[in-house]
Structures are given as structure tokens and as C-alpha cells.
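So the structure is just underneath, and the comments pick up after that.
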Amino acid sequence: MIAIDIKRKLYPAKGKADNHLVMADFQLAVNSGEFVCLVGPSGCGKTSLLNIIAELDNDYEGHIGFGQQEKPPKIGYVFQNPRLLPWRTVRENIELAIAQKPSSNNIDALLDAMQLTPFQHVYPERLSLGMSRRVAIIRAFAINPDVLLMDEPFVSLDAATARQVGHLLINLWQQRPHTVLFVTHDLREAIALADRIVFLSPAPMKIIAESTVGIPRNERGNEQAVETFRQRLLQDYPEII
């Protein structure tokens, strides 16, 4: 599990005497194996939160706990930008993320699950954006993470491609379950993916509402079911609009 307790997170405010308060007394618990989507406006602190969990940002007051683990968890991170090295092939980009000698069988299985086996020896410049994002997801899964952080991994994709990549992601996650924190602006996307949705306020970031997703996973591909649930959320929690 992840236990988040951030007392205060500040950023310098350009041209102002006071710093910008991003988070204050922010608490969130994520259960082991849970897929949680964070939904909130731009600039509210979602990426900052992921960076804190990943220990890319230690300039805050508070604590991030990971249950009773004796050693720090392995964290996979899928950024908004796929961040593929252009001089490495798809397979080489994946292998670079793995500290020990990479398992060919593991990488083969991930490439197959994301429908990228025919492109494993292709360089990133020949990939579509959707394919590049799939490579980034494979790279994060390849380390067998305990926690997977995903920062708007489908941004800039058209709706059909985003649905396709989301479907592949869920299939892969169900095969290799672990704890996921997924940032998105798209409520429909959150409903299609999450076990639980957490709605966040503008900075300083607060939780304004939470909801489990009451649609069986085998029905998440039904756009009408997703839209009906979305309308229900907007009716029950008008503050999330």
C-alpha cells in the first residue's frame, strides 16, 4: 500500500515574496494492488505528488510510507513524454531500464501483450505517438514494479488510440497486478480504468470527492455504461465539475 501524508509542499513564486503553496495537509491511502486515478485541474499538484512518491522531489514536509516492506518498493514511472532514446531501438530502450541482465522471455511477453513484437528493432522516429507510449508502458512494467506511477500517459492521443492503449494497459495490469496511481484530466478515461477515482481541487491540492467505479471491468468497453456512470458522478458530486 501507499500511505501519503504531505504536511506542506511549496514552489518558489516568480516575482512574488511568498512561495506558491502546492499541498497542505494532504493525505491519501492507496491499497495494495489498487488502481487509483487522480483527476484534477492543471497545476493543482498531481505531477508534483507523483514526483514526491518516486523520490524525484524531496523538498517537502511530510512522509510517504509503503506498508510493512523491509526494503523500498520498486517504482515504475510512465511520464507524459515517452522519453525514448532516439539512437536505441524499441527493445534496447526497454532493456536499458532493467538493472540486471534483462530476461528475453519477459520482454518478449511484454512486447506481445502491447502488440509491438513486429516493431521491437525499430527506432523511435518510425513509431507513432501511440506506439511510443506503449513502449514507455512496457519499459515501466519490465522492472516488475511494486508501484506504477502514470502521469497522463495517453495525453495528445486521439480518442480511439487512447481507448486501445488503455485496453492493452488493463489487460497487462490484470496479468501482472500491482499498485497504480494514474493521473488524468479525462473523467471517462478514469472510469474506464480505475478501481477508485480521487477528485482533486486547485492548489493547494485537496481531495474534494472520491468514488469507487461501480461498473464491472468486463463492461468498461461499453461507452454508454461509462457515460451513464459519468453523469451519475457529476450529479452526486457537482463540486468536481
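The values are calculated or read from the model by the stated rules, or taken from the named source; none is laboratory data. Keep in mind that this is a model prediction, so the values were computed, not measured. Positions of Cβ are backbone-derived with ideal geometry, glycine not excepted, and every protein chain shown enters the neighbour counts.
Some points to look at:
- Where residue 70 falls short, out of the listed (1) part of a loop (DSSP other than H, G, I, E, B); (2) touching a residue at least 12 places away in the same chain (Cβ under 8 Å); (3) more than 26 Å from residue 134 (Cβ to Cβ); (4) not hydroxyl-bearing (Ser, Thr, Tyr): (2)
- Any hit, region 190-200, residues being touching a Ser or Thr at 6+ places or on another chain (Cβ under 6 Å), under 20 Å from residue 53 (Cα atoms), of a type in the set (Lys, Arg) and in contact (Cβ under 8 Å) with a residue 24 or more places away in the chain: yes
- Looking only at residues in region 196-214 that are in contact with a strand residue (DSSP E or B) (Cβ under 6 Å, 6 or more places away or on another chain) and assigned to a loop (DSSP other than H, G, I, E, B), the one that is surrounded by the most Cβ atoms within 10 Å (Cβ to Cβ) is 203.
- Residue tally, condition closer than 21 Å to residue 44 by Cα, of a type outside the set (Val, Ile, Thr) and under 14 Å from the mean Cα position of the chain (by Cα), over region 188-231: 4
- In summary, residue 87 fulfils each of the numbered conditions (1) touching a helix residue (DSSP H, G or I) at 6+ places or on another chain (Cβ under 7 Å); (2) modelled with pLDDT of 95 or more with the single exception of condition (1).
- None of 51, 58 is without any contact (Cβ under 8 Å) to a residue 12 or more places away in the chain and either in a helix (DSSP H, G or I) or more than 17 Å from residue 7 (Cα to Cα) (or both) except 51.
- Any chance residue 30 is in contact with a Phe, Trp or Tyr (Cβ under 7 Å, 6 or more places away or on another chain), surrounded by 14 or more Cβ atoms within 10 Å (Cβ to Cβ) and among the β-branched types (Val, Ile, Thr): no
- Any hit, region 23-46, residues being closer than 19 Å to residue 208 by Cβ and assigned to a helix (DSSP H, G or I): yes
- Residues in region 153-190 that are at pLDDT below 95 and not in a helix (DSSP H, G or I): 153, 154, 155, 156, 157, 158, 176, 177, 178, 184, 185, 186.
- Residues of region 113-141 classified as farther than 15 Å from residue 168 by Cβ and either among the basic types (Lys, Arg) or touching a strand residue (DSSP E or B) at 6+ places or on another chain (Cβ under 9 Å) (or both), total: 1
- A count restricted to region 74-97 and to residues that are within 16 Å of the chain's Cα centre (by Cα), closer than 16 Å to residue 142 by Cα and either hydroxyl-bearing (Ser, Thr, Tyr) or assigned to a loop (DSSP other than H, G, I, E, B) (or both) stands at 5.
- All positions within region 84-95 that are farther than 19 Å from residue 168 by Cβ and surrounded by 14 or more Cβ atoms within 10 Å (Cβ to Cβ): 88, 89, 92, 95
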